[in-house]
Every structure is written in C-alpha cells, then in structure tokens.
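Step one of this worksheet: look at the structure below.
The values are calculated or read from the model by the stated rules, or taken from the named source; none is laboratory data. Quick caveat, the model's predicted, so the values are computed rather than measured. FYI the Cβ positions are ideal-geometry reconstructions off the backbone, even for glycines, and counts take in every protein chain you see.
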Amino acid sequence: MDTSFSSQKEIDARERGGLGTERLEVAFGPHHPSTHGVFRMDVVLEGEKIVSLKPVFGYLHRNHEKIGESVSYLGIIPYTDRLDYLCSPTSNWGFVLACEKLAGLEAPERAQYIRVILAELTRLVNHTCLAGFLAQDLGAMGTPLMYAFRERENILDLFESLTGARMMVNYFRFGGCRCDLPEGWLQGVSRVLDAYSKFLDEFEALLTGNEILLQRTQGVGVLKADLAINAGITGPCLRASGVNYDLRKVDAYGIYSRFPFRVPIGEHGDCFDRYMVRILEMRESIGILRQAVREIPAGPIMDAKAKTRSIRPKAGEVYGRIESPKGELGFYLIADGSPSPYRYRIRPPSFINLTVLEEMCLGLTVADAVAILGSIDIVLGEVDR
Amino acid sequence: MSVLSDSLIEDLKKQGVLVTSIEALYNWGRSNSVWPLQFGLACCAIEMIAASMARFDLSRFGSEVFRPSPRQADLMIVSGTVTKKMAPQVVRLFNQMPDPKYVIAMGACAISGGPFKQGYNVLKGVDRFIPVDIYIPGCPPRPEALLHGLMELQKKIRAQKLTGENRAKYFDAAQPGEYPIPSFGEHDLEPSKNAALWSPAQVARKD
Amino acid sequence: METPENILARLQAAFPSAKIELLPNGCPSQPPSLLLDPAFACEIATFLKNDAALRLDHATNVTGVDWPKEGYIEAVYHLFSMEKKHGPLIIRLRTANRDTAVVLPSLTPVWRSADLQEREIFDLFGIKFEGHPDLRRILMWDGFKDHPMRKDYVAPDDFEYEPTAHDDVLERAQQHFSKNA
Amino acid sequence: MLGTGIIRGLVVTARNFLGSFYDRRRFVTVFYPEQKVEMPERFRSFPFLVYDGEDAVRGLRCVACKICEKNCPPQCIYIVQQRDEKGKPLKHPAVFDLDISVCMSCGICVEVCPFDSIKMDKVFEVAESARFEKLLFGKAALSKSNAYYRSVSPADAGETDARLEEEKKAAAAKAQAAAQKKSAAQAQEPQ
C-alpha cells in the first residue's frame, strides 16, 4: 500500500475501516469577513460539522455603562445613539422612556407621533439592512445589500433633515423631542413610504422565492419556543419561534395602542422564519407609518413641565423597555439625586439573543453557522456595549 | 522631473503631448487602485459600507475591492473604536499587510478614542500602535468625508518619491514594516503605547 | 399581577425559614423589590417561575450594582412573564461583603437568559456565581485582574494627551505628568 | 418549478440595471467631489463660535460661562476666561479650544448655550495628516462671522437674530424704564 501521502491518522482510520477525521478548532473573528463586526466564535469542527461553538465577546466593549455614571442624563442620550448604531432613534427612545418614568414627565401628543414615526422608520432601515447582510452572508455578494442601502439612504435623508445627522440622531428629549418637524417633512415620509412598499415587493421578488436562499435557511438553526423563552430571546427571533410577544402590544408604550397592526409569528423558528417575520414586520410598519402621518396633530413638542433639557431625579430606580428592531431594549437606572445616574444599565437585545447560539448551531455545518448568526441580527455596539 | 518644468508639461499637454515620468506613472497607478482591507470595527464601518454602496460609490476611486485578507490589501481603514481587547489584532492585521501600506483613521474613536476615550477598555487613538496617514474626524464622518479622506491619501501617494533623500519610507530596508504587538496585561495593555511611534504634543495648561 | 407585598407574603408562607425583605423604591411610580436570602434563592426562583399565578418565565435584565458605602454588591433580576404578559417583579441578592465573600447562587439553571449576564457581572463586578455552567470573563480578557464597574476602580494611566481636560480628567492628566516628571 | 425563483430575481436585477439608465430612483450615485449632496438646514458637523460684526475678537458672542464645557459629553471643549490686569474676570474667553478629533457632533453645546454663541457648522471635509497640530482648533480657527452662519443655516440664523434683537430691545426698554424710575426718585428726593 502506498502511504507516502497519508498521515498516520488516516492510515489508522483506514485500518479501522472508517474515515476518521481530526477535530479542527477555528477562530471565526474578531476579524473575519463573515462575522458581523468584531464578533468572534471559537468553533470546533469535525469535518464540516460543528461540535462546539463558543462565542467570545468584548472586542467592542466601549464602557457605555461606566461612562454613563459620570455623564449627565442629557449627555447620555448621544451615547445611546452609538449603542445600536443601525437604529439610534429607538435606542434614544428606550433611554428617554426610562428617564421620563423616573422624572414623571410625559411627551405631548405630537411628540409621541414623531417618536412612532421615527421608530418605525428605524425598523424599516434595520430590517432591510438585515436582509441585505443575511443575503451577503449566504453568498449573494453585493446586490441585495446594495439595494437595501440604496433605500436606506432615502430614510437617512429624512433623519438628516429632521435631526441633523444621518446615523446619530440625538433627537429625543425628556418630555418630548428636540425640535419640530421641518416644513414638508411629512410629505417626504409619505413619498418614501410609497416608494418603499414598491421596493419591498421587488426585494421579495429578488429574495424570498429564491431557491438558494430557501435551501440555505429553511430548517436551519431551529429554535424551539420553550428554549427561546427560557433563554430570554426577544424580538423577531422570539416571534419567529411562534411566541406572540411584542412589547408594542404588551406594554403599549407611547401611543402604540392606537395603531391596529398585526404581529407576524413564525412556525418553525428557523432562519427563514426569522427572515420572513422581519419582512412582514416591515409591511406592518408601513401601515403604522401611514396612519401616524395621517393622524399627527399640531401642538407643542415638549412637556410643559420640562423646564430644563436635563433632569435631576430624586433617588429611586426604574426599568424602562421598548421593542427595538432587535428585541427588548431595556434601560435600568438607579438615581441618587445627583445630575448623573448612580447605575446605568443597558439590557441589550442582541447580546442576550446570542445566549443559545451554540445550541442552534450544533450538528450543522460551518456555512450554516454564518447564516444563523446573520439571521439573529446582532450589532456589536450593543452586544459588547 | 527635473528636465521638464511643470509649466512646460502643461503646455505640452495642451498640444496633445502627454509627458510623464516613471515615478508619476507608478504613483498614478498606485493611487487609483488602493485596495482597502475588509474590516470594520464599529459605527463608522456602517458609513464605510454606505460609502462603498451605490450612492457614494467608492469604486469611482478604484477602492471598491475590499480584500478579506490583509495580505492583499494596501489600505487599512480603521473604522471605529479600537478597544484594548481588539488592539493587538489590529496591529497584527497591519503587520500582515504588505508594503506599501497606508492607514486611515476614520472617525473620532479611531483617532483619539473619541467620545469613549475615558473608558477603561478603549484605546485612545490607534496611532499609539500603528502609524496613521490620514485622520478623518467626525462621529461618524459622512461617506463623503471618507471619500475626501481617500482623496487626501491619493494626493499623499502621488507625492511620494521613488528615489533620493526623501524617498518613501517603504523603500528603506532599515525602516520597520512591522510594529510590536502589545500583549494583554493584568490591568492594561503592555506596553500601553509604542513610545517610538507615538509622541504626543505637550499641551501646557496653567490651571 | 399580584402586588409585591402579596408575593412576599406567599413566599414567606412557602419558605418560612428564608429571610425575605421588601425594599421600597424611591420612585413612586415604580414597584418595590424583594431582597432574597441567597441560601434559598434557587428554590424561590423556581417557585416564582412555576407558580401558576405568576409564571415569571422571562428573566429580562440581570445586573450588578456596587454599593461601597453599604459594603456589598447586589445582583438585580427583573422578571417578567411572557405567558401571562405581566411584570416586572424585581428580586435582589446581596453579597456579604465586597472582597472576601462575594459568592451568590447562580440562577442560570432556572433562567437560561441569566447565563451571559451573570458572566458579565462576574467580569465587571466580581461576584462569583455558584452553579454557573461556564463562569469566565466575558468582556475583558482572561488575564485581566480588576473589576472595572466597581465604584472604586481606577482606570489605567493613559492620560498623556488631554488637551481639553477639566475636572477629574485634568486631575488624572496632571497626576500623570507629575509622576513622570 | 425549481429555478423560477432565481429567474424572477434575475428579472429584478435586470430591471434595476436597465432602469439605472433613465430612472433617477435607480441611479442614485452622487459624483462627489464634482457634485455634492445638498446639506439640509439642520445638518451638523462641528461647532464654531459666532461673532457679530466684523471684529472676530470683540464681536464674539461667547462670554466664557463654561456651560458648554461642563455639558459636553466627551469633554472636548476647554475654556479659560479672560481677566483684566487686576485679575477681574471679563466676559470673554482667553482660550477656547475644541478638539475635533474627540467631538461627536451631538450638538448639546448648541442646545445648552444661553447666548447663541456656539453653533454647528456644515464643513465636514476636515481630513488631515497630523492629529496633534491640526485637529485641535483654537479660538481663531473656531470664530466665524454671523454672516457666515446666515449663509449656512439661514432659517435658524434668522430666528436667532430676531430673538436677539427682541431681547436687546427688551433690555433697552427695561434700562430706560429703570433710568426713568431713578430720575423720578431723584426728582422726588430733594423735597
């Protein structure tokens, strides 16, 4: 037998009668083209199969919580922009909501509508980009992501003309919003919405029926409902597993109780359901937006009780949460009567959604791990904070 | 280009005669095919992606070829906060890039730590460990600002000399192409900066 | 949902030997929290999760709070119910002190969502969770010795270039220069 | 049938490709630097100091109250108040430094400034090759005239000017009333 090119292991395996393989440890990341940001997964492979996967965090740990303890309540708002940098308006809202509970403020009617409009536009941005990134992860280099970013720019232009920045809006204030809508802004929203529903049809024609996408996502990374609940998974990932839990319905924060939207629920909890839930959510968001643009009243945008821009609440603690595009975004604040919080804690949805990443990937191939990670939708700014 | 003066070259160009030197041709080619490393760190990476997409279209400058491997890249766009946990990897990636190589520090965090600079895990500027050619302030810089920074880099590349006293650094075998990688210490990175590379200006404050 | 006072009474009936306390919340619109006896924490957590009226199956937010003046570190759990769609119930556990006895029981066996968050508390606050399946540092590197979210943590000295410093930062920068002068 | 999904997708890409030749919505490229996106009124890049009139030193609105310094979240502003020979503080900054390599363009300084003296600029092309020398802006580099501000954000500048004018008038009226009162009191006193 010619053994000149075989390793001893292969010979042993051949003698045993099977094809033995060595376990291979691969570090995906922190710099790896297929991970989102600087996330790292230490994967142990047997052949192509994953036998162990350990996520490694902290490569973007920017100490939000420590910095928040020395910055005023007002000064924290721009930092929340940088948590989940794809959707800063919702991060703003979560923090402002918690502080409003603490200080006993309430945003007036018009500001509430503006908040809903911004939050739902953010959801559109986030979910479109997610679909683009997921397709990119599955090997569709460029095209879907390019279409997604093309549409994203239209919404970012709206953000920019309203708040002055494309990504880091720093717009919500305790008891309202920073400034009123510029002239013609709502018409701009309507125009973008008209184009967006057409774009969604086109985007779905491009992706949803695509056999490659179906093959790569259906039945991959199944997450069962009971495990999802126990592991604290929230947002579209939870709803894809068939649990009807949307904080816009459960808590009905802001004025969400006025909007009759449906909550899309998945059946299988696989990657395709997670993708599809988001596409359907975008269609519901468009409905919410149309209604909000129709109904928004005139009036003040700041609570009359809010005398100054910053707050100085009495000692006490509060937990405020909203449904960010990624899941339940919570802010836990302990105030001690000083201008900055004693403890400022962020409950990041993307971080906790990664709790059961290993369970979802076990037994699947490396390529599936990339698809699963893409479908969970993480943003590292929020995972590591 | 000592034989022909600049004005003469301009005059010739008007007559339809294109005159160039090896140096200018070489730099022209290099500056228009700066391939960045596909590598994003934080918020600025999203703006970097936006810059490479349809609206701002980085490929008009020959830089759309984002290379997944540092071995094929000319340019490292440090787009986002470099944390202390990430710093050794960034330096290692830089070391793996072949010469000539350039670094753009994109955004406040990459330049100085930016808004997060008082954080215990945030590196106060990537230039503590690797040399930076262009700094683009902004948080995050607009995609156009990145394009502007890239154009500044192209200008810099075009001005590099191939021969003589002031020739580009990478022709000099004595110049380091690699920089020491910091290691994780018990309280901080060790060392916390590359003292040979980074010499901050002393700002005198009376009070 | 039941009031925390009610839940406290029921818990005291179910666990007569456990010391459970109701801590008031300074913010009037927000609920008070329950301070649990660490020795019974796991049983009480299981009770809260399985109780037919409560069904607190969703431990959303798990975090630590450092109280150097009072001399302990706290772990705070925010519990919600996805099934009944109510909440929150806030439970707290306290360590005996801040340096030698920083052990608390882990609630990860009850709620998986506490897994990564308890690791984070271990990393940043230094509470050791007994019974946690994989208690390692999560955000900082493995060789790191400090617990940076504690109030008395001093950040490493890298204040070489602070052109616009004032207050605390200026002080640190001046310290840096006087030390290296 | 297997493959129809892919064909439908290809139709979409073909439509986008052909559409990009005539449809503005599908051909979105902005040819920077020759062509520039028009910045909206509220766009903010980095702060600058406004001065009234022609003199950049005397016309500076800033009174060195340090409110922005205190409120700046990343602490990128440094102010030293000017003092006269006797050491009495003057309403003028001797040093006003702004480290734009740290600034996060949040605009909180503008929000908290009670004197409308710091505003957000629209210049974002500030890429430099040296950090220590060129990215720390001093008072001279930061001072820009109100006319410039009016040219970059006309609506906000107009509003600010009108408000300042109003305040000036109110202050003048108040001073006048006070003077009248005083003179009336003086007139009564001798009796």
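Cβ separations smaller than 7 Å between residues 6+ apart or across chains give the following pairs from segment C:9-27 residues that are among the polar types (S, T, N, Q) to residues that are assigned to a loop (DSSP other than H, G, I, E, B): C:12/C:20; C:25/C:31; C:25/C:32. When the helices (runs of 4 or more DSSP H) confined to segment A:340-384 are screened for residues that are among the aliphatic types (A, V, I, L, M), those reaching at least 2 such residues are found at A:357-361, A:366-376, A:380-383. Number of residues in segment A:297-320 that are outside any loop (DSSP other than H, G, I, E, B) and out of contact with any Leu (no Cβ under 6 Å at 6 or more places or on another chain): the value is 4. What number goes with the only condition from (1) exposed (fewer than 15 other Cβ atoms within 10 Å of the Cβ); (2) in contact (Cβ under 8 Å) with a residue 12 or more places away in the chain; (3) part of a helix (DSSP H, G or I); (4) within 14 Å of chain A (Cβ to nearest Cβ) that residue D:114 does not pass? That leaves (3) as the condition not met.
Please verify whether residue A:292 is in a loop (DSSP other than H, G, I, E, B) and away from every other protein chain (no Cβ under 13 Å), treating the condition exactly as stated. Taking the combined requirement at face value, the residue does not satisfy it.
Of all residues in segment A:109-145, those satisfying the criterion of being farther than 13 Å from residue A:278 by Cα, among the aliphatic types (A, V, I, L, M) and part of a helix (DSSP H, G or I) are A:111, A:114, A:116, A:117, A:118, A:119, A:121, A:135, A:145.
Kindly indicate whether any position in segment A:137-154 is surrounded by 22 or more Cβ atoms within 10 Å (Cβ to Cβ), in contact (Cβ under 8 Å) with a residue 12 or more places away in the chain, hydrophobic (A, V, I, L, M, F, W, C) and touching a Lys or Arg at 6+ places or on another chain (Cβ under 7 Å). Yes, some residue in segment A:137-154 is surrounded by 22 or more Cβ atoms within 10 Å (Cβ to Cβ), in contact (Cβ under 8 Å) with a residue 12 or more places away in the chain, hydrophobic (A, V, I, L, M, F, W, C) and touching a Lys or Arg at 6+ places or on another chain (Cβ under 7 Å). Scanning segment D:117-133 for residues that are farther than 29 Å from residue A:169 by Cβ and either in contact with an Asp or Glu (Cβ under 7 Å, 6 or more places away or on another chain) or assigned to a helix (DSSP H, G or I) (or both) yields D:129, D:132, D:133.
Residue under question is residue C:23, and the condition is that it be touching a strand residue (DSSP E or B) at 6+ places or on another chain (Cβ under 8 Å) and either away from every other protein chain (no Cβ under 14 Å) or acidic (Asp, Glu) (or both); does it hold? In short, no. Considering only residues of segment B:40-66 that are more than 20 Å from residue A:29 (Cα to Cα) and touching a residue at least 60 places away in the same chain (Cβ under 8 Å), which is farthest from the other protein chains (Cβ to nearest Cβ)? Result: B:63. Residues in segment D:38-59 that are within 14 Å of chain A (Cβ to nearest Cβ) and crowded, with 20+ Cβ neighbours inside 10 Å were compared, and the one that is nearest to the chain's Cα centre (by Cα) is D:47. Out of all the residues in segment B:171-182, is one or more more than 14 Å from chain A (Cβ to nearest Cβ), assigned to a loop (DSSP other than H, G, I, E, B) and under 25 Å from residue C:169 (Cβ atoms)? Checked against the condition, which is being more than 14 Å from chain A (Cβ to nearest Cβ), assigned to a loop (DSSP other than H, G, I, E, B) and under 25 Å from residue C:169 (Cβ atoms), segment B:171-182 yields at least one hit.
Within segment A:211-266, the set of residues being closer than 23 Å to residue C:114 by Cβ, away from chain C (no Cβ under 14 Å) and outside any loop (DSSP other than H, G, I, E, B) comprises A:236, A:240. Scan segment D:60-95 for residues that are more than 11 Å from every other protein chain (Cβ to nearest Cβ) and in a loop (DSSP other than H, G, I, E, B) and the total you get is 10.
Does residue C:94 satisfy being at pLDDT 85 or above, more than 12 Å from chain A (Cβ to nearest Cβ) and surrounded by 15 or more Cβ atoms within 10 Å (Cβ to Cβ)? The answer is yes for residue C:94.
So that you can scan it fast, the table gives a plain yes or no per residue for (1) buried (at least 16 other Cβ atoms within 10 Å of the Cβ); (2) within 21 Å of the chain's Cα centre (by Cα); (3) not in a strand (DSSP E or B):
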| site | (1), (2), (3) |
| --- | --- |
| C:129 | yes, yes, no |
| C:137 | yes, yes, yes |
| C:148 | yes, yes, yes |
| C:160 | yes, no, yes |
| C:172 | yes, no, yes |
| C:179 | no, no, yes |
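In segment A:39-61 there is no residue that is among the acidic types (Asp, Glu) and assigned to a helix (DSSP H, G or I). Could you pull out the residue among D:19, D:3 that is in contact with a helix residue (DSSP H, G or I) (Cβ under 9 Å, 6 or more places away or on another chain), more than 30 Å from residue D:155 (Cβ to Cβ) and within 14 Å of chain A (Cβ to nearest Cβ)? On inspection, the qualifying residue turns out to be D:3.
Listed here are the residues, each with its yes/no results for (1) modelled with pLDDT of 90 or more; (2) charged (D, E, K, R); (3) under 19 Å from residue D:131 (Cβ atoms); (4) surrounded by fewer than 19 Cβ atoms within 10 Å (Cβ to Cβ).
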site: B:12; (1), (2), (3), (4): no, no, no, yes
site: B:27; (1), (2), (3), (4): no, no, no, no
site: B:35; (1), (2), (3), (4): yes, no, no, yes
site: B:82; (1), (2), (3), (4): yes, no, yes, no
site: B:88; (1), (2), (3), (4): yes, no, no, yes
site: B:99; (1), (2), (3), (4): no, yes, no, yes
site: B:105; (1), (2), (3), (4): yes, no, yes, no
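Which is part of a helix (DSSP H, G or I), among the small types (Gly, Ala, Ser) and touching a strand residue (DSSP E or B) at 6+ places or on another chain (Cβ under 8 Å), of C:75, C:59, C:96, C:45? After applying the criteria, what remains is C:45. Evaluation of residue D:98 against the conditions (1) in a loop (DSSP other than H, G, I, E, B); (2) under 15 Å from residue D:69 (Cβ atoms); (3) away from chain A (no Cβ under 14 Å); (4) in contact with a Pro (Cβ under 8 Å, 6 or more places away or on another chain) shows that the sole unmet condition is (1). Checking every residue in segment B:124-143 against the condition of being away from chain A (no Cβ under 14 Å), of a type in the set (Ser, Thr, Tyr) and within 27 Å of residue B:195 (Cα to Cα) gives at least one match.
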